[in-house]
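In what follows, a structure is listed as structure tokens, so that the remarks can point back to it.
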Amino acid sequence: MPVVGMAGGGQLARMTQQAAIALGVPLRVLAGAPDDSAAKVVSDARVGNDRALDDLLAFAQGCDVVTFDHEHVPGPHIQKLEAAGVPCRPGSAALAHAQDKLVMRERLSGLGVPCPAYAPVPSPDPAAFLEAFGREHGWPLVLKSTRGGYDGKGVWVAGDPEEARVADRLQAEGVDLLVEEHVPFRRELAALVARSPYGQGAAYPIVETVQEGGICVEVISPAPGLSKDLAAEAQSLALRVAEELGVVGLLAVELFETEGGLLVNELAMRPHNSGHWTIEGARTSQFEQHLRAVLDLPLGSTEPTAPYAVMANVLGGDDPEVYPRYIHVMAHDPGVKVHMYGKESRPGRKIGHVTALGADLAEVRERARHAADYLRWGPAMKDRAR
Ligand SMILES: Nc1ncnc2c1ncn2[C@@H]1O[C@H](COP(=O)(O)OP(=O)(O)OP(=O)(O)O)[C@@H](O)[C@H]1O
Ligand SMILES: [Mg+2]
């Protein structure tokens, strides 16, 4: 069996191990510390720095293919791995579009893919430029660091020119910025597809994602009330982007649904939070699909296993002792599936997720929300309005 190496030891690598077990594929991870989420469950976990070239090269020795659990491995390092003959999937050229939001915007616009209005922010002294951008596209506007963001870190909404002054401070810290119009979206959607080197593609149902404070808290599959046409359009768009960019593995396309149609927010080329529901809710989980794709195996069926699947993220609450709260959640609803990531609980940190399946959407949402809220707050959840 070929060895798959995954750089990064977070929960995505951890859940990839779950799929690797069933496939019989040996997985190796490069984790930052022995107690990283994935390092705790992968027997072939190497500890090192996935931002350091030497560590990456040592890690790749003996891997048949290298893939990634996040976007933060520097592109030039991936190019060096490729030059050393290590198949990286996705490759550095494709991955650049998930690593740098300006590169992504420019490429997608070039392909005629609808995106929010955007511009690179000049440095230094961006104030006049941002004021002009705000006059043209309206306030608030959205500032984003081109690289390194996740879970809304790296996104600032500025309501007026005064608030846009945050750009000066960020630039002084060395952060490159782009600016976008603030899209008055109806809701957020995500399209998840896989593409293999052979060129096979597979698309999951389009989901609705709900973010709070920049963090995804809930995913509903399929997106309720989405017309067949719009769903097909979103799937084709994602498959086309995967093909044009030469993506191998999974591609998640985060979308805004607006009055005027779909706009692309951003791309991720790895298993994605919007696809965790597939573990129970689809014939092939996104983690298995990613492994199949990077190994150039035939892709698995994306057929849903229930009319609706709802995933809710479990965030850390005030009391880090989550375990006692399990009992209630499991007793309350034996059908809810609980996934914990082996991460220390801190307030607001993603420490797990729950999934519920069923035919009655309101009920399925309530079950998933109840389980996630209870795991976070316990009985005190009643006092916490979401
Ligand atoms: N142009 C925009 N207009 C309105 N809201 C936006 C815009 N860009 C981003 N947002 C909001 O901020 C959230 C986070 O933005 P984005 O996905 O770019 O950041 P991120 O930190 O890279 O996210 P992720 O957690 O997906 O890695 C989006 O899901 C959306 O809710
Ligand atoms: Mg995002």
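The values are calculated or read from the model by the stated rules, or taken from the named source; none is laboratory data. In this text, all values refer to a predicted model and were calculated from it rather than measured experimentally. Please note: Cβ atoms are built from the backbone with ideal geometry, for glycine as well, and neighbour counts cover all protein chains shown. Keep in mind that these areas ignore ligands, DNA and RNA; they rest on the heavy atoms of the full protein, side chains included. Shrake-Rupley method; radii C 1.70, N 1.55, O 1.52, S 1.80 Å.
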What is the number of the single condition among (1) part of a helix (DSSP H, G or I); (2) of a type in the set (A, V, I, L, M); (3) touching a residue at least 12 places away in the same chain (Cβ under 8 Å) that residue 351 does not meet? (1)
Tell me which of these residue 358 doesn't satisfy, since it passes every other one: (1) open to solvent by 20 Å² or more (accessible area, probe 1.4 Å); (2) touching a Gly at 6+ places or on another chain (Cβ under 8 Å); (3) farther than 20 Å from residue 211 by Cβ. (1)
Residue 215 passes all but one of (1) under 27 Å from residue 110 (Cβ atoms); (2) within 16 Å of ligand 2 (Cβ to nearest atom); (3) at pLDDT below 95; which number fails? (1)
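Does residue 69 satisfy the criteria of being more than 24 Å from residue 245 (Cα to Cα), out of contact with any His (no Cβ under 8 Å at 6 or more places or on another chain) and not assigned by TED's automatic domain parsing to the domain that holds residue 241?
no
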Scanning for something without any contact (Cβ under 8 Å) to a residue 60 or more places away in the chain, within 16 Å of ligand 2 (Cβ to nearest atom), farther than 22 Å from residue 295 by Cβ and crowded, with 16+ Cβ neighbours inside 10 Å, does the stretch 86-102 turn up at least one residue? yes
Within the group 369, 283, 292, which residue is open to solvent by 60 Å² or more (accessible area, probe 1.4 Å), among the charged types (D, E, K, R) and either assigned by TED's automatic domain parsing to the domain that holds residue 69 or at pLDDT 95 or above (or both)? 283
Select from the stretch 107-119 the residues that are in a helix (DSSP H, G or I), surrounded by 16 or more Cβ atoms within 10 Å (Cβ to Cβ) and away from ligand 2 (no atom under 16 Å from the Cβ) and list them in ascending order. 107
Matching option when the condition is open to solvent by 40 Å² or more (accessible area, probe 1.4 Å) and touching a residue at least 24 places away in the same chain (Cβ under 8 Å), among 233, 218: 233
Every residue from the stretch 11-47 that is outside any strand (DSSP E or B) and either acidic (Asp, Glu) or on the phi > 0 side of the Ramachandran plot (or both): 24, 35, 36
Members of the stretch 120-177 that are away from ligand 2 (no atom under 16 Å from the Cβ), surrounded by 12 or more Cβ atoms within 10 Å (Cβ to Cβ) and in a loop (DSSP other than H, G, I, E, B): 121, 122, 123, 126, 138, 139, 140, 159, 160, 161, 175, 176
Filter the stretch 20-46 down to the residues that are open to solvent by 30 Å² or more (accessible area, probe 1.4 Å), under 23 Å from the mean Cα position of the chain (by Cα) and either β-branched (Val, Ile, Thr) or closer than 12 Å to residue 3 by Cβ (or both) and list them by number. 21, 41
Of all residues in the stretch 260-288 being near ligand 1 (Cβ under 10 Å from one of its atoms) and polar (S, T, N, Q), the one that is nearest to residue 241 (Cα to Cα): 265
Within the stretch 337-346, can one find any residue that is loosely packed, with under 15 Cβ neighbours inside 10 Å and under 21 Å from residue 12 (Cα atoms)? yes
Go through (1) open to solvent by 20 Å² or more (accessible area, probe 1.4 Å); (2) under 19 Å from the mean Cα position of the chain (by Cα); (3) among the polar types (S, T, N, Q) one by one and return the number of the condition residue 313 breaks. (1)
Matching option when the condition is under 12 Å from residue 204 (Cβ atoms) and at pLDDT 95 or above, among 275, 261, 246: 275
So, of the residues in the stretch 240-263 that are more than 11 Å from ligand 2 (Cβ to nearest atom) and β-branched (Val, Ile, Thr), which turns out to be nearest to residue 289 (Cα to Cα)? 248
Take residue 241 and tell me if it is among the β-branched types (Val, Ile, Thr), open to solvent by 30 Å² or more (accessible area, probe 1.4 Å) and over 23 Å from residue 283 (Cβ atoms). no
